[in-house]
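Here is the structure we will look at.
No value in this document is a laboratory result; all are computed from the given coordinates. This structure is a prediction, so every number in the text was calculated from the model and none was measured. Quick reminder, even Gly has a Cβ in these numbers, built from the backbone with ideal geometry, and neighbours come from all protein chains shown.
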Amino acid sequence: MPIIRIQVEAFDAAAETAVLSAGRGDIGATVAFTGFCRDEGGRLSALELEHYPGMAEAEMARIASEAEARWPLMGLTVIHRYGLIRPGEPIVLVLAASAHRRAAFEAAEFMMDYLKTHAPFWKREHLKDGTVGAWVDAKSADDTAMERWG
């Protein structure tokens, strides 16, 4: 059963990995991906993330279930933040655990590709000059990355 959380608070990737692997002698690999807010060349003061409560959790759980069906995972944790996130702060964490590294790597990458393209989150830039930008459009590169999973 995957752990899925959407929260305002920052998370601790090492602590989440310890929770995922505690007492598990059968896990041979964990892969952790942490996505951070960038300052976009120094012009960004924060990134505002919004989500559709209920729908976002359901979509993340659906994607996680698909990852568990594709790979022999022994654990999966997905945490996504919302609210105002400053440059350097974490936004998303994906932890995948398996007996072997390839499954953990592929499952983590799959989760991120699907989160970027299918999870109902929206981003808006808050600039250092005090202006609030438009909602950020999806990137075609994210769609291309997702296509390889069929």
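Across all directions of projection, what mean area in square nanometres is found for the Cα convex hull of segment 1-43? Each step should come with its number before you reach the end.
Values: hull surface 18.7 nm².
One quarter of the hull surface, i.e. the mean projection, equals 4.7 nm².
Evaluate E = 1/(1 + (r/R0)^6) for V8 and T131, where r is the Cβ-Cβ distance and R0 equals 30 Å; express this FRET efficiency to the nearest 0.05.
Numbers: r = 23 Å, r/R0 = 0.78.
Calculated transfer efficiency: 0.80.
Which number comes out as Rg/Rh for the chain once both Rg and the Kirkwood Rh are worked out on C-alpha atoms?
0.99
Can you give me the relative contact order of the chain as a percent, contacts being Cα pairs under 8 Å and 6 or more apart? Intermediate values should be presented prior to the final figure.
Working: 286 pairs, mean separation 48.3, N = 150.
It rounds to 32 percent for the chain.
Take the Cβ atoms of A138 and R101, set R0 to 35 Å, and the FRET efficiency comes out at 0.70. Within the chain, antiparallel bridges make up roughly 85 percent of the DSSP beta bridges whose residues both belong there. Helices in the chain, meaning DSSP H runs of at least 4 residues, each add -39500 (n - 2.57). Divided by all residues, the mean residue ellipticity at 222 nm is -10500 deg cm²/dmol.
Applying 1/(1 + (r/R0)^6) with R0 = 22 Å to the Cβ-Cβ distance of R24 and E66 gives a FRET efficiency near 0.45. Only Cα sites of segment 72-150 enter the Debye sum here, all with the same form factor; the resulting log10 I(q)/I(0) across q = 0.16, 0.23, 0.27 1/Å is -0.73, -1.16, -1.31, listed in q order.
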